[in-house]
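Quick notes on the structure that follows.
Bear in mind these aren't lab numbers, they're just calculated from the coordinates by the rules spelled out. Source: prediction; values computed, not measured. All Cβ positions, even for glycine, are placed from backbone atoms using ideal geometry, and neighbour counts span all protein chains on display.
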Amino acid sequence: VSLAGLGSPSRILPQPSPVLSPQASCIQHRLVVRDASSLQILQLYTCLDQIQYIEWSSDSLFILCAMYKRGIVQVWSLEQPDWHCKIDEGSAGLVASCWSPDGRHILNTTEFHLRITVWSLCTKSVSYIKYPKACQQGMAFTKDGRYMAVAERRDCKDFISIFVCNNWQLLRHFDTETQDLFGIEWAPNGCVLAAWDTCLEYKVLLYSLDGRLLSSYRAYEWPLGVKSIAWSPSSQFLAIGSFDEKVRILNHVTWKKITEFDHPATISSKKTIVYKEVEKSPTVDTERLTFPPTRALASSLFSTQSKYDISQVPVSLQYIKPVADRANPKVGVGMLAFSADNCFLATKNDNIPNAVWIWDIRKLKLSVVLEQLCTIQGFQWDPCQPRLAVCTGSSRVYLWSPAGCVVVQVPGEGDFQITSISWHCSGDSMLLLSKENFCVCYLEREEV
């Protein structure tokens, strides 16, 4: 594993290109496009105000920069640096902006979610979608980019509208059996749309493309309900993370529960491997000591290293009892992610914040638990193979695969606290992000 770092005192919002090699980041009002393999600057653009959000088009030919405070979106072309586009929402304001799957339309959500405006870069036409609902995940595209579903709120009732993306015509419009619709998400095959209610009402609804209700699932009634949802890449399984610290798996044939996964504080099964992160003091050769010490030597003297040890079961994990009288309690399964080959499911139970649980979907059993020293900030699967990257807010990135675990220390000066990870679509590299810096991690392939 090799790493290349880049830092700045200003806020950075890096994003890898989905198809080609460029990588983009913004520093205040400047947009910097770099070559992902060498980090050499390819293009430098200047926007009208401080950039708050950037996103590549699906073919990596355009990139949008959203300035929400001014209600403006600027679009830049990588092939034609002189070409540019400015979209001004005016008094309507702007709270969100994104690309359509074809990379030629931009969807802007106005303030107070009054409407979604669809701007075409090709025909310069404008379309409007009224009454979008302000919820966590109120818009979803199918993986093939043909259809878009939008959650709506009209007359104190929840609705879902399905649009055809090539002409933005309404295909279906139907109401949902929800008290307060919280999110929608398409299955990867684009045949089923999952919609779930607010955490006060445990309800998951599954609709077909023509708006028919295929199934409704409810695990229990009165306690807090659904916290997270994830489809498997094959669309065969729907994983539902709940506030009761369990994950329930539904199958795609009957939409009934086939199993549920608990997250106990004590791991007692001998078939489960528990990797525990432990810190170790650096070993320095006294004969190499010089005064003043070199930069590399000083870094090794005052930095602690870590590694994984295999713990003997039973293992007691750090369990935090949630505070009942505070809002947004740290309880329940808040993170879910399937591996690209459908074989593994990674979860995090917020009651046990330092552990990542990896389940074998083929056997429907717990396979591995990663016990970290710090709270899990995020994890993401390699898009090409079963390899999981984990970050904990430290200067280390953790990689797990069925072959084992490895800890990678990010080189550089200062404290680089990794808060999120983003894999490149090729699986050869990933972005490591902190609040003010980012680093590109390159993974070397074995020579055959």
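For residue 417, what charge total do you get from the other residues with a beta carbon under 12 Å from its beta carbon, if Lys and Arg give +1 and Asp and Glu give -1?
Numbers: positive: 396, 435; negative: 415, 436.
Result for the local shell: 0.
Please give every one of the lysines within straight-line cross-link reach of residue 69, meaning a C-alpha to C-alpha distance under 29 Å, and leave out same-chain neighbours fewer than 8 residues apart.
The qualifying lysines are 86, 124, 130, 133, 435.
With each label point set 7 Å from Cα along the Cα-Cβ vector, what nm distance links residue 144 and residue 259?
3.1 nm
With a cap of 10 neighbouring Cβ atoms within 10 Å, and only residues DSSP puts in a loop, list the trypsin sites (Lys or Arg not before Pro) found in the stretch 92-192. Don't jump to the answer; show the numbers that get you there.
Details: sites: 104, 115, 124, 130, 133, 143, 146, 153, 154, 157, 172; in loops: 104, 124, 133, 143, 146.
Listed in order of number, the matching sites are 124.
Nothing charged except the Cβ atoms of Lys and Arg (+1) and of Asp and Glu (-1): what's the magnitude of the dipole of the stretch 179-276 about its Cα centre? Round to the nearest 20 debye.
On the way: 11 positive and 10 negative charges, 101 e Å.
Computed charge dipole of the stretch 179-276: roughly 480 debye.
Local charge sum around residue 186 (other residues, Cβ-Cβ under 11 Å, Lys/Arg +1, Asp/Glu -1)?
Once all neighbours under 11 Å are counted, the net charge is 0.
At 7 Å along Cα-to-Cβ for each site, give me the label-to-label distance between residue 42 and residue 373 in nm.
Label-label distance for residue 42 and residue 373, simple model: 3.8 nm.
Which whole-number percent of Cα pairs in the stretch 145-190 have a distance greater than 18 Å? Please report the intermediate quantities before stating the final value.
Values: 321 of 1035 pairs.
Of all Cα-Cα pairs in the stretch 145-190, 31 percent lie more than 18 Å apart.
Find which of 394, 441, 231 sits farthest along the positive direction of the dipole of the chain, computed with +1 on the beta-carbon of Lys and Arg, -1 on that of Asp and Glu, about the Cα centre.
Farthest along the dipole direction, towards plus: 231.
Could you tell me which residue out of 106, 74, 93 lies farthest along the dipole of the stretch 1-129 toward its positive end? Charges go on the beta carbon: Lys and Arg +1, Asp and Glu -1, centred on the Cα centre.
Result: 93, furthest along the dipole toward the positive end.
Mind listing which trypsin sites (Lys or Arg not before Pro) in the stretch 365-448 are in a DSSP loop and have 13 or fewer other Cβ atoms within 10 Å?
Values: sites: 365, 387, 396, 435, 445; in loops: 387, 435, 445.
Here the trypsin sites (Lys or Arg not before Pro) that fit, given the DSSP loop and packing criteria, are 435, 445.
Just going by the charge dipole of the stretch 1-129, with Lys and Arg at +1 and Asp and Glu at -1 on Cβ, which of 39, 27, 16 is farthest out on the positive end?
27
Report, to one decimal in Å, the Kirkwood hydrodynamic radius for the stretch 1-129 based on all distinct Cα pairs. Please report the intermediate quantities before stating the final value.
Values: mean 1/r = 0.0660 Å⁻¹.
Final number for the Kirkwood radius of the stretch 1-129 is 15.2 Å.
Largest first and in whole Å, give the semi-axes of the stretch 124-170's equivalent ellipsoid, each being the square root of 5 times a Cα gyration tensor eigenvalue. Please report the intermediate quantities before stating the final value.
Numbers: eigenvalues 76, 36, 16 Å².
Semi-axis lengths for the stretch 124-170 are 19, 13, 9 Å.
When the dipole is taken about the Cα centre of the stretch 145-213, and only Lys, Arg (+1) and Asp, Glu (-1) are charged at their Cβ, what size is it in debye, to the nearest 20? Before the final figure, lay out the partial values.
Details: 7 positive and 10 negative charges, 56 e Å.
That gives the stretch 145-213 a dipole magnitude of about 280 debye.
Note the full-extension length gain between residue 315 and residue 137 as 0.36 nm times their separation in residues minus their Cα-Cα distance, in nm to one decimal. Before the final figure, lay out each step's value.
Working: separation 178, 0.36 × 178 = 64.08 nm, distance 3.69 nm.
Once the chain is fully extended between residue 315 and residue 137, it gains 60.4 nm.
Want the number for residue 167 to residue 436: 0.36 nm per residue separation, take away the alpha-carbon distance, what's left? Mind dumping the intermediate values first?
Values: separation 269, 0.36 × 269 = 96.84 nm, distance 4.04 nm.
Full-extension gain reported as 92.8 nm.
Of the GluC sites (Glu not before Pro) in the stretch 62-111, which ones lie in a loop per DSSP and count no more than 14 other C-beta atoms within 10 Å? Display every interim value, and only then the final one.
Details: sites: 79, 89, 111; in loops: 79, 89.
Here the GluC sites (Glu not before Pro) that fit, given the DSSP loop and packing criteria, are 79.
For the stretch 345-360, list residues with backbone N below 18 Å from a point placed 7 Å from the Cα of residue 323 toward its Cβ?
350-353
Measure out, as a whole number of angstrom, how far apart the alpha-carbon centroids of the stretch 188-213 and the stretch 356-430 sit.
30 Å
For the stretch 169-240, calculate the relative contact order in percent as a whole number, restricting contacts to Cα pairs under 8 Å that are 6 or more residues apart. Intermediate values should be presented prior to the final figure.
Values: 131 pairs, mean separation 17.5, N = 72.
Across the stretch 169-240, relative contact order equals 24 percent.
I need to check one value: relative contact order of the chain, counting alpha carbon pairs closer than 8 Å and at least 6 residues apart, in percent. Let's see the in-between values first.
Working: 1091 pairs, mean separation 45.0, N = 448.
Computed over the chain, the figure is 10 percent.
For residue 251 and residue 221, FRET efficiency with R0 = 22 Å and r from the beta-carbon atoms, rounded to 0.05? Let's see the in-between values first.
Working: r = 23 Å, r/R0 = 1.04.
FRET efficiency, residue 221 to residue 251: 0.45.
From a point 7 Å beyond the Cα of residue 304 in the direction of its Cβ, which residues of the stretch 402-428 have a backbone N at a distance under 20 Å?
The answer is 406-419, whose backbone nitrogens lie closer than 20 Å to the label point.
Which of the three applies to the chain, rounded, prolate or oblate, going by the alpha-carbon gyration tensor with a ≥ b ≥ c and a/c under 1.5 meaning rounded?
Working: a/c = 1.97, a/b = 1.15, b/c = 1.71.
Oblate, because a/c is 1.5 or more while a/b does not exceed b/c.
Which FRET efficiency value, to the nearest 0.05, do you get for residue 111 and residue 214 by plugging their Cβ-Cβ distance into 1/(1 + (r/R0)^6) with R0 = 35 Å? Could the numbers behind the result be given before it?
Values: r = 35 Å, r/R0 = 1.01.
Between residue 111 and residue 214 the formula returns 0.50.
Where the only charges are on Cβ atoms (+1 Lys, Arg; -1 Asp, Glu), what is the dipole of the chain about its Cα centre, to the nearest 20 debye? Mind dumping the intermediate values first?
Working: 43 positive and 44 negative charges, 131 e Å.
Once rounded to the nearest 20, the dipole reads 620 debye.
Step through the table entries 143/227; 270/363; 257/365, compare each Cα-Cα distance with 18 Å, and write down the pairs that go over it.
Values: 143/227 23 Å; 270/363 15 Å; 257/365 15 Å.
As for pairs spanning more than 18 Å Cα to Cα, those are 143/227.
How much net charge surrounds residue 143 when only the other residues with a Cβ under 14 Å from the Cβ of residue 143 are counted, with Lys and Arg +1 and Asp and Glu -1? Could the numbers behind the result be given before it?
Numbers: positive: 146; negative: 102, 144, 185.
Net charge around residue 143: -2.
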